[in-house]
Structure formats: structure tokens, C-alpha cells
Amino acid sequence: MFVSENLNVTSEGHLTIGGADTVELVKEYGTPLYVMDEQMIRKSLRRFHDSMNKYYNGQGEVHYASKAFSCMEMCRIVASEGDGLDAVSIGELYTALKAGFPMEKVGFHGNNKTDEELRFAVQNKVGHIIVDNISELHRLEKIAEDLGVRPNIMFRIKPGIDAHTHDFVKTGQIDSKFGFALETGEAFEAVKEAVSCKNVNLYGLHCHIGSQIFDIAPFEEAAKVMLGFIAKIRNELGYEIEGLNLGGGFGIMYTDKDDPSPFETYLERVSQVVKSECENLGIKLPRMFIEPGRSIAAPAGITLYTVGARKEIPDIRTYISVDGGMADSPRYILYGSEYTAIVANKADQEKTEKVTIAGKCCESGDLIGENMPLQHAESGDIIAVCATGAYNYSMSSNYNRLQKPAVVFVNEGRSRIAVKRETLDDIIRNDI
Ligand SMILES: *Cc1c(COP(=O)(O)O)cnc(C)c1O
């Protein structure tokens, strides 16, 4: 019934997350409400970094991909676990900086960084800038020269791997806006240039093949391709690449149709491939980086809504409308994503219906999902949508001038606000 181990039911039939009663949370904070379970976030981070220690001799780092879910409290939690961060904009960098995140543990990504962003990253001494294209390299060189520093860079490489996932979240194939192509020689030319460049230090290579990937094989393939390239650079240019960043993309369970591998298995298998390839190729074991985003944030979060209208269209479908929608939960309208929902105040009851849960925005496509098994829901009931911790709050908008919901963190039964609910004045804050 539950897609996440941190969900439970009280004797009154109330859904709990991280030990906190969702019905009580709604009384205190209102709806729509994002709820994140701190212990679940910490546990997932530890599963990744403990596996890195176990299977890769501790020669690696876990960098949480903050685009999945970013706010200052999240940065503080990641920092307190000793993990790093991946940021893709000046806004994500700024959030980390203001949260006191150690910037040397930040990797700065993006396929079209502005000069302002590059300068901000360099001035604030981020650990690595992951350079996406040749014009960015040139702009960064100039900025580094101006500032009299020599930043560490990695190159974003398209390893030419077809990950089996949604087209919009595939990123490793040649027809992608991200990174340098291997097949065409573009990547090698860029490496040649960077190796002889005095204003940047080419530290590593990076690839990220996509998101919500269940197979481990494409990750193993990508690692092999990248190590082959590292060997070519060593053999032909005599230059040693020190870091290998294999990105994120590990799939999680949204509904019982999903069957992800445990994170540990991923790291065990990929570490084995990296070690044996390095031995075959006669190259030094690189420092390994991974960048899980969804797998850290998604299972830790739920979204709570209040049911408004119930509309039964005979022989067609039943719509259950909630007080949020695509503005706070855009993944259905973007990707047709599926979720598991529970009536949070009737969580002990059987799911006797299949309904379409609709949002309140002026789009027919504004749904949380179709044909969702659910307990009988009526006006005033609370609906919990599970595994919404990633790519919901971070992708939320003010469409229809809706106020963005609050984010509450729960920790062993207690709750605290991490992001305040927007007020009506927030809606007109920048209007003149
Ligand atoms: C999006 C992204 C990630 C995280 O992907 P998940 O699927 O959320 O794990 C990691 N690295 C890069 C470069 C990304 O763009």
C-alpha cells in the first residue's frame, strides 16, 4: 500500500510520515502542504555515502543534486551529513552559500551558465565547475584570469548511452543539449585545449545519462566509456584525469509498478566496473563522484491536499478536485508521471475506487493523476500524494497566481516550517 517506508497509519486511521500525524500537520499548517521527512533524507544520503565507502574504498563523494529539492534547510541537512552539492544556477548557489554550505564541496553545472553565474561561482570558490561547451570554457578562462584564480573544472561528456527513460529526461545521447560529444572528437579537442590552458585546472570528467533510470547496465556502460576516454587522454596527451563524476538518475518507486534496485547494488556494481576497467586500462583509480537528486528527495516527501469537489460522470470517470495542482505538482502535466495517493484521514480503509485527481488550475491537463486507486474521498478529506519530495516544490510556479505551499520538515514525530507559505502580498511583491 505504501511506496515509502517512512509512512504508517495510526490507530485512528491517520497517515503518518516520519512519525508525524498528517491530519495534525494539516490542522497546524493548512493545505496544500509539502512535507519532508528529515530522517528519510539522512538515511538515503547515508546509504549512498556508506556504499561509496564500502565498495569504492572511500575514494568517492556524494553530491546531492539540489535541483530536485532546494531550500536552505535542505542544504544544512546535506552539509551536516558531510556530503556535497550539485547546483545548476546562481539561485541554487546562493541558497547553498546563505545556508553556510561549504562551497568547496559544490559542483556547478548548467548548459548555459551566464558570465554573472561563472563569476559568482569562481568568487565563492566552488569545488568544481562542470564546463558544458567550448564557449563556456573560453568565458571561464577570461573570468579566472581577471580574478587571478585557477578554478578546477570537469567537462560534461555525452557518453552516447541510451538510458531507458522518458525522452525529456534523457541526457546521455548525442542529440542532447548537454555536454561535449565523444563520437565526433569534440570532447577530445576540448580536453586538448584545456590541458594547455593556464587559467583552469582540468580535474575531471562528468556524465549524467538521465533520470528515473531503473537499469544498472546503462550506468556501467557509461562508466566504461568514460574510463576509455580517460585512458585515451592519458595515452595520447600524457595527462592524468583525477576525477570521474557519474551523475545521478537512480530510479525510485512512485507506484507499485516501479521496481528500483537498491542504491547499494548500484554502487557495488558500478564500483566493480570502474575498478576492473582501471586495471585493464592501466590507469589510476579516479576519485568518484555521484549526484543523486530524486533518490534522496522524492521518497522523503509527500504533498497534502484538501478535497473540494467530487464530480461523478456516469460511465466515464470520477473527478476528485484538490486545492493545488500543476502549480505545485507539475510532473503529471510535464511527463505524464504516475503517483500513489492515499486519503490521509482514512488510511486504514480499503482503496475501493479508481479516480482522477484534478487540480484547481485552468487547464484540463492539470491532474495529479488518472485512474488512481483511492479510498472513497469526499469534500473535506485530506489526500496525501506520495514520493513528491523531488521535482515538485523545485518546479512549482505561481500559475493562476496561486500561492506556493509551505514546506514542513518532520523529524521523529516533530514538525517545523522550512519554507513559509506564500502570502497574497508575496504574489504582488514585484508588481509595480
Ligand atoms: C538532474 C541531474 C542530476 C540528478 O538527477 P536525479 O535523476 O534527480 O538523480 C545529477 N546530475 C546532473 C548533472 C543533473 O543534471
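Residue count for the range 276-316 under the criterion of being within 14 Å of the ligand (Cβ to nearest atom), assigned to a strand (DSSP E or B) and closer than 30 Å to GLU412 by Cβ: the result is 2. Restricted to the range 171-186, and to residues there that are more than 16 Å from the ligand (Cβ to nearest atom) and modelled with pLDDT of 80 or more, the residue that is surrounded by the most Cβ atoms within 10 Å (Cβ to Cβ) is LEU182. Residues of the range 227-252 that are open to solvent by 70 Å² or more (accessible area, probe 1.4 Å) and in contact with a strand residue (DSSP E or B) (Cβ under 9 Å, 6 or more places away or on another chain): GLU242 alone. Considering the range 368-391, and only residues there that are part of a strand (DSSP E or B), aliphatic (A, V, I, L, M) and under 21 Å from VAL407 (Cα atoms), the residue that is nearest to the ligand (Cβ to nearest atom) turns out to be VAL385.
Condition check: more than 18 Å from the chain's Cα centre (by Cα), surrounded by fewer than 18 Cβ atoms within 10 Å (Cβ to Cβ), modelled with pLDDT of 95 or more and of a type in the set (Lys, Arg). Does LYS404 satisfy that? Please lay out each step first, then the result.
Working: more than 18 Å from the chain's Cα centre (by Cα): yes; surrounded by fewer than 18 Cβ atoms within 10 Å (Cβ to Cβ): no; modelled with pLDDT of 95 or more: yes; of a type in the set (Lys, Arg): yes.
The answer is no for LYS404.
When PHE168, PHE219 are screened for being at pLDDT below 90 and in a helix (DSSP H, G or I), only PHE168 passes. Evaluate the range 409-426: report whether one residue or more is farther than 22 Å from GLY30 by Cβ and aromatic (Phe, Trp, Tyr). Scanning the range 409-426 turns up no residue that is farther than 22 Å from GLY30 by Cβ and aromatic (Phe, Trp, Tyr).
Let's see how each residue does on (1) touching a helix residue (DSSP H, G or I) at 6+ places or on another chain (Cβ under 7 Å); (2) outside the structural domain of GLY127 (by TED's automatic domain parsing); (3) in contact (Cβ under 8 Å) with a residue 24 or more places away in the chain:
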{"site": "GLY13", "(1), (2), (3)": "yes, yes, yes"}
{"site": "ARG42", "(1), (2), (3)": "yes, no, yes"}
{"site": "ARG47", "(1), (2), (3)": "yes, no, yes"}
{"site": "GLN59", "(1), (2), (3)": "no, no, yes"}
{"site": "ARG76", "(1), (2), (3)": "no, no, yes"}
{"site": "GLY91", "(1), (2), (3)": "no, no, no"}
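Residue count for the range 355-367, restricted to those that are surrounded by fewer than 24 Cβ atoms within 10 Å (Cβ to Cβ) and not in a strand (DSSP E or B): 7.
Residue check: is GLY248 within 16 Å of the ligand (Cβ to nearest atom) and closer than 19 Å to GLN272 by Cα? Walk me through it before giving the result.
Working: within 16 Å of the ligand (Cβ to nearest atom): yes; closer than 19 Å to GLN272 by Cα: yes.
Taking the combined requirement at face value, the residue satisfies it.
Looking across the range 206-215, the residues that are of a type outside the set (Ser, Thr, Tyr) and either touching a residue at least 60 places away in the same chain (Cβ under 8 Å) or buried (at least 19 other Cβ atoms within 10 Å of the Cβ) (or both) come down to HIS206, CYS207, HIS208, ILE209, GLY210, GLN212, ILE213.
Here ALA190 meets each of (1) at pLDDT below 95; (2) open to solvent by less than 10 Å² (accessible area, probe 1.4 Å) with one exception, condition (1).
The values are calculated or read from the model by the stated rules, or taken from the named source; none is laboratory data. What you are looking at is a predicted structure, and each value in this text was computed from that prediction instead of being measured. We place every Cβ from the backbone using ideal geometry, glycine too, and count neighbours over all the protein chains shown. These accessible areas exclude ligands, DNA and RNA; they are computed on the full protein's heavy atoms, side chains included. Shrake-Rupley method; radii C 1.70, N 1.55, O 1.52, S 1.80 Å.
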